[in-house]
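Reviewing the structure listed below.
The values are calculated or read from the model by the stated rules, or taken from the named source; none is laboratory data. What you are looking at is a predicted structure, and each value in this text was computed from that prediction instead of being measured. Ideal geometry is used to build each Cβ from the backbone, glycine not excepted, and the neighbour counts take in all protein chains shown.
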Amino acid sequence: MKILAIDFGTSFAKWGIFEDGKLLKKQKGNTPSEMNLIIKEESPAKIICSSVSMSYQEIAEQLNTSIPLHFLTYQSKLNFTLKYKSPETLGTDRIAAVAGARELFPENDCLIIDAGTCITYEFINASGEYLGGAISPGMEIKFKALQQFTKRLPLVEREEGTELIGNTTQNAIKSGVIHGTIAEIREIIRMYRNKSPNLRLVICGGDSTFFANHIEDTIKIAPDLVLIGLYAIQKYND
């Protein structure tokens, strides 16, 4: 049975077709209306959807399908126990990422780092209890904030091989944002390891490979973690 998992994120949409636990096909960048052609081509038995950028009503109207459609919320049946004190405010992408980590590493304490527009940190213990985490600005937000909230600083972009000591204003901005964000992630990992020495680290999001290459730790890069989590949740809601 084919399952279509769709994640409408902050920057773009991403979808994947699953069958018998395997991710057969994936793509990103489609609008809800464009998904109709994909649904027609793939003929999934069920669809599960997460969104932090569009309302579910908008998506339902644009998808226009009779296929059973599950919109993920904190009230969905999950493969973990939700201990978050304000679950109604919890982004569905965060819920799906935690579900994905639980699906991949059910016997481990896990710290999930989603490095995209924002950087989110989620902690789930080996007992399957999601306790919460943290949200901080990603690199793109930091670069834009420096330009927008000052009078003279330029807008710059990330580059590989940025030197620690910036010898121009542009290079100083790059150093501050890039090395500062790397330092943030390293220190948060260290603090979580103090709480859980056998912690499993999982990273996803658009900047996941970049950060994983700068962290001196064993970290699992899982670019499809949210889609895997959506599929895992759909199994619980059959």
Would you point out which residue out of Ile67, Ile95 is in contact with a strand residue (DSSP E or B) (Cβ under 8 Å, 6 or more places away or on another chain) and within 25 Å of Leu201 (Cβ to Cβ)? Ile95
Can you tell me which residues in segment 162-194 are in contact with a Pro (Cβ under 8 Å, 6 or more places away or on another chain) and either modelled with pLDDT under 95 or of a type outside the set (A, V, I, L, M, F, W, C) (or both)? Thr169, Gln170
Based on this model, can you work out whether Arg158 counts as among the basic types (Lys, Arg), in contact (Cβ under 8 Å) with a residue 60 or more places away in the chain and in contact with a helix residue (DSSP H, G or I) (Cβ under 8 Å, 6 or more places away or on another chain)? no
Got a sec? Which of Lys235, Lys220 is in a strand (DSSP E or B) and closer than 22 Å to Gln27 by Cα? Lys220
In segment 178-206, what residues are over 16 Å from Glu122 (Cβ atoms), within 19 Å of the chain's Cα centre (by Cα) and of a type outside the set (A, V, I, L, M)? Thr181, Arg186, Gly206
Under 6 Å by Cβ, and 6 or more places apart or on different chains, what pairs join a residue from segment 131-149 that is touching a residue at least 60 places away in the same chain (Cβ under 8 Å) and within 15 Å of Lys174 (Cβ to Cβ) with one that is assigned to a helix (DSSP H, G or I) and not hydroxyl-bearing (Ser, Thr, Tyr)? Met139/Val177
For segment 142-161, give me the residue count where each residue is closer than 24 Å to Ala212 by Cβ and either in contact with a Pro (Cβ under 7 Å, 6 or more places away or on another chain) or surrounded by fewer than 16 Cβ atoms within 10 Å (Cβ to Cβ) (or both). 6
Ile119 versus (1) assigned to a helix (DSSP H, G or I); (2) touching a residue at least 60 places away in the same chain (Cβ under 8 Å): which is the lone unmet condition? (1)
Identify all residues within segment 163-212 that are surrounded by 15 or more Cβ atoms within 10 Å (Cβ to Cβ), assigned to a loop (DSSP other than H, G, I, E, B), touching a residue at least 24 places away in the same chain (Cβ under 8 Å) and on the phi < 0 side of the Ramachandran plot; write none if there are none. Ser196, Leu199, Gly206, Asp207
